[in-house]
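> Here it is, the structure, as structure tokens.
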Amino acid sequence: MEAATKLLSDLVAIPSMNPMGRGRMGKEYCEQSIAEFVAEFLRKASIDAELQQVSPGRPNVIGSVSVGAQETLMLEAHLDTVFADSMLIDPFDPIIRDGKLYGRGACDTKGSIAAFLQAVVNSLKAVKNMRYNVLLLFVSDEEYRFAGAQYAVRHGLKTDFGIAGEPTQLRIVRAHKGVTRWKILTQGVAAHSAYPERGKNAIYAMAKVIEKLQQYAEELSTGPLHQLLGTPSLSVGVIEGGQAVNVVPDHCWIEIDRRTLPGETTQSVLEPIHSLLNDLEGCEIREPHLSVAGMEVADYAPIVQDLAQAVRSVCGDAIVEAAHYATDAGIYNSVGVPTVVFGPGNIAQAHTESEYIELQQLHQATTIIERFLTS
Ligand SMILES: [Zn+2]
């Protein structure tokens, strides 16, 4: 078995499901075991490695390779996966069939972890010198809160540019949208439903909020276009309210998903919402519980151009594009680190009931990163 395949197989066999805020616990959840495995792999390759505890049992792994170069490249991917409940295959007993490796996390994003690790190990053994120092950063809790990446940037992350591994089919994603999520609550007064005039209906109040938000969402969708990403968007995704049909509801809440363009901030997203709902009494706009910036790296940036050249040298052609999903790259770009998204595997297989990765892409990704580092 080729080294990167063996490594990926080992990684998939260590479950690292994200509890997704649902209180799930047990050895198949969180990133402690996989983080220890990755740190041990790095140390065996004589690469300095440490765990950075983001929260109990949820570490990032940081590996550093210093070759005395002027610039440092960050290779980043997330350690956590989504649940495996509904999978049709054994999620943690990777099998290889027809050039594909199956298992939870195979493409999202243990494939990137394996490719990045193997590429660095190969580069250290290569005849040619490495052009960059390398920071290997493997983060926890991306699928739910982007917490690992946010922790890393708040705690002394030092790098000149980066590649965030996600299954892009070896395409270079240089721009993507961000996402901000928050709740809005309406407060009413409970009363017996036979005497509705004695209460204040929180659901009726929320109906007014929703109508205004729907109009605003339409305005957003017909507003100015970003060249690569189109318009921002807003969607009310969850609603809950009331306690029983014979009670005038005293509370109601909704949860909003707002997809942002590069440059939009939490503040610039929320300001129009505050003025929109200003005159509605009993309505509370909560602070966002999730906010990841969108990002755009210039087409001419060295990280785009040099990576494209490495991709061409392996695949014959390089595709540079934009995506609509949000990734950790938004967080690194927002602190001034030009970071593109790139990795083996297809996002269409991520989170699916029979997740797999094409092994050819895994090996191509390994070679691409190796060439990027050494040529
Ligand atoms: Zn992912």
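> For Lys200, give me every one of the aspartates and glutamates with a C-alpha distance below 20 angstrom, ignoring sequence neighbours fewer than eight places off in its own chain.
Correct list for Lys200: Glu211, Glu240, Asp250, Asp279, Glu281, Glu284.
> For the pairs Lys100/Lys158; Lys100/Lys125; Lys27/Lys183; Lys27/Lys100; Lys44/Lys110; Lys128/Lys158, flag any whose C-alpha to C-alpha distance is greater than 30 Å.
In this structure, Lys100/Lys158; Lys27/Lys183 lie more than 30 Å apart at Cα.
> Quick one: helix 32-44 against the long Cα principal axis of the chain, what's the angle to the nearest 10°, folded into 0 to 90?
20
> Which order results if Cys283, Cys30 are arranged by neighbouring Cβ count within 10 Å, fewest first?
Cys283, Cys30
> For helix 359-374, report the angle its Cα long axis makes with the longest principal axis of the Cα atoms of the chain; keep it between 0 and 90° and round to the nearest 10°.
Here the helix axis deviates by roughly 70 degrees.
> While we're here: I'd like the orientation of helix 111-125 relative to the chain: the angle between its Cα long axis and the longest Cα principal axis, in ° from 0 to 90, rounded to 10.
That works out to roughly 30 degrees.
> As a footprinting exposure proxy, order Leu276, Leu359, Leu185, Leu225 by other Cβ within 10 Å, with the fewest listed first.
Leu225, Leu276, Leu185, Leu359
> Ranked highest first by average number of other Cβ atoms within 10 Å, how do 187-200, 300-313 line up? Walk me through the intermediate numbers first.
Numbers: 187-200: 13.9, 300-313: 17.1.
So the peptides 187-200, 300-313, ranked by packing, come out 300-313, 187-200.
> Compute the label zone of Lys158 within region 121-140: residues whose backbone N is under 17 Å from the point 7 Å along Cα-to-Cβ.
Counting backbone N atoms under 17 Å from the label point, the list is 132-137.
> Here's another thing I want to ask about it. If you build the convex hull over the alpha carbons only and average its shadow over all orientations, what do you get for the chain? Give it in nm² to one decimal. Don't jump to the answer; show the numbers that get you there.
Numbers: hull surface 83.0 nm².
Mean projected area for the chain: 20.7 nm², to one decimal.
> Now, a different point. Would you calculate the convex hull of the Cα atoms in region 228-375 and tell me its volume per residue in Å³?
Dividing the Cα hull volume of region 228-375 by its residue count gives 153 Å³.
> Among Asp98, Asp160, Asp257, which comes first, second and so on when ranked by fewest other beta-carbon atoms within 10 Å?
Ascending Cβ contact count within 10 Å gives the list Asp98, Asp257, Asp160.
Just so you know, all these numbers are worked out from the coordinates, no wet-lab data involved. Quantities reported herein were computed from a predicted structural model and do not represent experimental measurements. We place every Cβ from the backbone using ideal geometry, glycine too, and count neighbours over all the protein chains shown.
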